[in-house]
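One structure below.
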Amino acid sequence: MVRALGAMSGTSLDGVDAAEVVTDGERIQSFGKSRYREYTAAEREVLRAGLGKWTGPEVEAAAEVCDRVHAEVLAGFSEAEIIGFHGQTLAHAPRRQGTLQVGDGAALAERLGKPVVWDFRSDDVAMGGEGAPLAPFFHFACAKYIGATRPLCFLNLGGVGNLTYVDPRFERPEDAGALIAFDTGPANAPVNDLVQERLGIPWDVDGKVARTGTVETGALELFLAEPYFARMPPKSLDRNDFAEMVSLVKELSDADAAATLTAMCAAGVAQGMEHCPEPPEMVLATGGGRHNPVLMEMLRVSLDCPVKPVEDVGLDGDMLEAQAFAHLAVRVARGLPTSAPGTTGVSACVGGGVVSVPGEA
C-alpha cells in the first residue's frame, strides 16, 4: 500500500483539488488529507482564455498558472510518496488533433522532491481511445470499497458530465463488462459561462438563478437532437463542444436560460442511462453539480433509480477526481492499465502516464 496524492483542475475552472489515497492501485485501504485552492478571478480568466487553443501565448500563460497553483497546493503533503498530476485540459479532440493538458510534471517532481505521474491521456488517444473519462478504474475500486454487490453508476457533474457504469461482480476493472464509461454531455460549464457573462458570478450557487426560471422545451428538444446523443459509448467531449447551447437560450431571461441549461445537463444524463446493460441500483453523484439542488431534483425526476450524493455512501464528492489520479498514479507506477475498451474505446487495455523522478530530468 502506498500513500498517493492526486490533483485535479477540471474544466469548470473553479480551482485545484488535492487529496491522498492509501492504495496499491487495485484496492483502497483508506483516504488521507485533502485541500482545495480556489482560483482567483484573474487566474480563472487566464485559464479561460486558453480553452480550445493548442499553442500560443494563451496556452503558455495557462500553463504557468496551472504549474504555479499546483505547486503551491501540493507542497503541503509531506507524507505522500507519489503524486498523480492531471494538469489542466485546454483542448480535447481525440478524433482530430488529440488532447492537451498543460502542466509540467517533470518540473513539479523536481520542485516537490517526489515522483510525479502525469500526461495520463496521450497513450490512450494514440491507441485509438477517447482519452476520457479516466476516473472509471477508480470508481471500480470505490464500488469495492463501499461493499457494492450490484451494478451502480457514478455520475461526475463537472464542467462536462460523465457516467461510469460499474459491475462490482467482476474481479478487475479491465475485465470485459466490468465498466462502461462516457461523457453524457455538458454539465456545469454552460451555466457557469452564462452567469459569468450576464451576472458576473462564476457559478449558479445552489441553483438560485435556475430555481426561479422556466425550462424552454423547444431549446431542450433542439439540444437532444444533437448527433452526439445517438452515438454509442465510449465517447467524450471537449468543454466547448456544445458552445451553441448558449445561443439556444440567448433570447431568454437570466433565470429561464439558467433553468434550460440545467435541464439540458439532466436530459443528457437521462439519455446516457439507456446505455446501461442492467438498471443500476443507484446513481452516485460527484463533482460540483451535486451541490446544485435544482439539478439534483431534475435528475431524480428523470431517472428510474435513486440519485444520491456520494457522501451518502461515505465518499468525498469534492475530492473524488483528485483521489482518482492518486489511485491511477499507483497503477501507472505498477504497470497496471488505466483505461480499457469499455471506458475510452481504446483498442486494448493501456496504462497511460509518464513517471518523472526527481534528479532524472
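The values are calculated or read from the model by the stated rules, or taken from the named source; none is laboratory data. A quick note: this is a predicted structure, and the numbers were derived from the prediction, not measured. As a convention, Cβ positions derive from the backbone with ideal geometry for all residues, glycine included, and neighbour counts pool all protein chains shown. Calculation scope for accessible area: heavy atoms of the full protein, side chains included, ligands and nucleic acids excluded. Shrake-Rupley method; radii C 1.70, N 1.55, O 1.52, S 1.80 Å.
Is it the case, given these coordinates, that SER339 is free of Cβ contacts under 8 Å to residues at least 12 places away in the same chain and among the hydroxyl-bearing types (Ser, Thr, Tyr)? No; evaluated as a whole, the condition is false for this residue. For the stretch 322-341, state whether one or more residues are touching an Asp or Glu at 6+ places or on another chain (Cβ under 9 Å), at pLDDT below 95 and open to solvent by less than 60 Å² (accessible area, probe 1.4 Å). No: zero hits. If you check MET264, MET282, MET232 for being of a type in the set (A, V, I, L, M, F, W, C) and loosely packed, with under 14 Cβ neighbours inside 10 Å, only one passes: MET232.
Applying a threshold of 7 Å to beta carbon distances and a minimum spacing of six or more residues, or different chains, the list of pairs starting in the stretch 39-66 at a residue that is in a loop (DSSP other than H, G, I, E, B) and ending at one that is charged (D, E, K, R) reads TYR39/ASP14; LEU51/ARG239. Checking the stretch 48-71 against the condition returns a match, with at least one residue being at pLDDT below 95, under 30 Å from ILE201 (Cα atoms) and out of contact with any strand residue (DSSP E or B) (no Cβ under 9 Å at 6 or more places or on another chain). Residue count for the stretch 25-47, restricted to those that are among the charged types (D, E, K, R) and touching a strand residue (DSSP E or B) at 6+ places or on another chain (Cβ under 7 Å): 4. Within the stretch 103-112, being part of a helix (DSSP H, G or I), within 23 Å of the chain's Cα centre (by Cα) and over 11 Å from VAL355 (Cβ atoms) holds for one residue alone: LEU108. I'd like the residue in the stretch 95-107 that is free of Cβ contacts under 8 Å to residues at least 40 places away in the same chain and of a type outside the set (Lys, Arg) and, out of all such residues, is surrounded by the fewest Cβ atoms within 10 Å (Cβ to Cβ). The extreme case among them is GLY98.
Taking the residues in the stretch 144-173 that are assigned to a loop (DSSP other than H, G, I, E, B) and β-branched (Val, Ile, Thr) as candidates, determine which candidate is farthest from the chain's Cα centre (by Cα). Within the stretch 144-173, the match that is farthest from the chain's Cα centre (by Cα) is THR149. Put simply, of LEU299, LEU248 the only residue that is modelled with pLDDT of 95 or more and either among the aliphatic types (A, V, I, L, M) or over 19 Å from PHE229 (Cα atoms) (or both) is LEU299. Out of all the residues in the stretch 71-83, is one or more touching a residue at least 60 places away in the same chain (Cβ under 8 Å), over 19 Å from GLU321 (Cα atoms), in a strand (DSSP E or B) and not β-branched (Val, Ile, Thr)? No, the stretch 71-83 contains no residue that is touching a residue at least 60 places away in the same chain (Cβ under 8 Å), over 19 Å from GLU321 (Cα atoms), in a strand (DSSP E or B) and not β-branched (Val, Ile, Thr). Filtering the stretch 315-337 to residues that are of a type outside the set (Gly, Ala, Ser) and either within 15 Å of the chain's Cα centre (by Cα) or assigned to a helix (DSSP H, G or I) (or both) leaves ASP316, ASP318, MET319, LEU320, GLU321, GLN323, PHE325, HIS327, LEU328, VAL330, ARG331, VAL332. Annotation note: of GLU130, GLU174, GLU110, the sole residue that is open to solvent by 10 Å² or more (accessible area, probe 1.4 Å), out of contact with any Lys or Arg (no Cβ under 7 Å at 6 or more places or on another chain) and either small (Gly, Ala, Ser) or under 20 Å from ALA348 (Cα atoms) (or both) is GLU174.
What about GLU297, is it open to solvent by 30 Å² or more (accessible area, probe 1.4 Å), within 28 Å of ALA42 (Cα to Cα), without any contact (Cβ under 8 Å) to a residue 24 or more places away in the chain and not small (Gly, Ala, Ser)? In short, no.
Of the residues that sit in the stretch 113-127 and are open to solvent by 50 Å² or more (accessible area, probe 1.4 Å) and over 20 Å from the mean Cα position of the chain (by Cα), which one is nearest to LEU51 (Cα to Cα)? Only one residue tops the list, namely ALA126. For the stretch 142-149, the condition holds for at least one residue, the condition being that it is crowded, with 21+ Cβ neighbours inside 10 Å and at pLDDT 95 or above. Among the numbered conditions (1) open to solvent by 10 Å² or more (accessible area, probe 1.4 Å); (2) free of Cβ contacts under 8 Å to residues at least 60 places away in the same chain; (3) part of a strand (DSSP E or B); (4) more than 24 Å from VAL357 (Cβ to Cβ), the only one that LEU90 does not meet is (1). The set of residues in the stretch 1-26 being assigned to a strand (DSSP E or B), touching a residue at least 24 places away in the same chain (Cβ under 8 Å) and either open to solvent by 10 Å² or more (accessible area, probe 1.4 Å) or over 23 Å from GLY52 (Cβ atoms) (or both) consists of VAL2, ARG3, ALA4, LEU5, GLY6, MET8, ASP17, ALA18, ALA19, GLU20, VAL21, THR23.
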